[in-house]
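Q: This is the structure I want to talk about, given as structure tokens.
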């Protein structure tokens with residue numbers, strides 16, 4: 001029988017545990033919001049011209065919108081700029097063919113689901129750590145699961161980027177998470193977590209063997 005190590009008022013661990021719960025619920029809310037907007041845009045038949053007229057956005061502004069998403073060629077307050085930029089990107093999205101909209105929708109839903117799963121396993125991992133279950137196999141397996149999920153996110157983004165790299169209108173870039181080239185940092189994070197989980201699992205196995213010999 002292994003004895004759990006109960007942390008004695010480790011504020012940092014308790015704080016991380018609370019943060020993990022907040023991140024989990026924030027990811028759910030954000031995913032639901034993004035999914036709802038994309039779903040509405042996918043099935044919407046709104047007149048694009050009327051939308052751009054209402055938001056005072058013309059075709060020149062759409063063409064001049066920069067890829068980095070920082071500089072916007074029209075004047076106004078920052079909140080108005082951000083609102084106009086989102087409206088431009090939304091108009092660009094609903095102007096796509098239905099096949100590309102469906103591709104963006106399903107790939108984004110898959111990526112968001114994987115992100116929510118990552119936050120869930122991180123929340124469960126921190127909950128076990130907060131209880132003092134540091135070197136238990138079921139605690140460390142959460143890290144390995146997160147590493148696999150991050151790898152799947154990279155693969156989905158890469159496959160989606162290949163299918164959507166041709167024909168995507170300019171303002172849509174850097175807005176939808178499924179049509180930008182996946183960052184190499186995701187692969188590094190996945191590999192790092194996998195290595196850490198492997199080392200900790202080996203340590204947990206050695207701990208069990210030591211306890212059995214005693």
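Q: Select from the stretch 119-129 the residues that are in contact (Cβ under 8 Å) with a residue 40 or more places away in the chain and surrounded by 18 or more Cβ atoms within 10 Å (Cβ to Cβ) and list them in ascending order. Before you say what the answer is, go through the steps one by one.
A: Here is the first cut: in the stretch 119-129, the ones in contact (Cβ under 8 Å) with a residue 40 or more places away in the chain are 119-120, 122-123, 125-127, 129.
Answer for the stretch 119-129, where residues must be in contact (Cβ under 8 Å) with a residue 40 or more places away in the chain and surrounded by 18 or more Cβ atoms within 10 Å (Cβ to Cβ): 119, 120, 122, 123, 125, 126, 129.
Q: In addition: Determine whether residue 125 is modelled with pLDDT under 90, within 23 Å of residue 24 (Cβ to Cβ) and in contact with a helix residue (DSSP H, G or I) (Cβ under 8 Å, 6 or more places away or on another chain).
A: On the way: modelled with pLDDT under 90: no; within 23 Å of residue 24 (Cβ to Cβ): yes; in contact with a helix residue (DSSP H, G or I) (Cβ under 8 Å, 6 or more places away or on another chain): yes.
Here the answer is no, as residue 125 does not meet what is asked.
Q: Do we have residue 17 as at pLDDT 75 or above, touching a helix residue (DSSP H, G or I) at 6+ places or on another chain (Cβ under 9 Å) and buried (at least 17 other Cβ atoms within 10 Å of the Cβ) here?
A: Numbers: at pLDDT 75 or above: yes; touching a helix residue (DSSP H, G or I) at 6+ places or on another chain (Cβ under 9 Å): yes; buried (at least 17 other Cβ atoms within 10 Å of the Cβ): yes.
Against the criterion (at pLDDT 75 or above, touching a helix residue (DSSP H, G or I) at 6+ places or on another chain (Cβ under 9 Å) and buried (at least 17 other Cβ atoms within 10 Å of the Cβ)), residue 17 qualifies.
Q: Just to check your reading of the model, which residue among 71, 64, 56 is on the phi > 0 side of the Ramachandran plot, at pLDDT below 65 and surrounded by fewer than 17 Cβ atoms within 10 Å (Cβ to Cβ)? Let's see the steps before the verdict.
A: Working: 71 fails: on the phi > 0 side of the Ramachandran plot; 64 fails: on the phi > 0 side of the Ramachandran plot.
Only one candidate qualifies: 56.
The values are calculated or read from the model by the stated rules, or taken from the named source; none is laboratory data. Just so we're clear, the structure is a prediction, and the values are computed from it rather than from any experiment. Quick reminder, even Gly has a Cβ in these numbers, built from the backbone with ideal geometry, and neighbours come from all protein chains shown.
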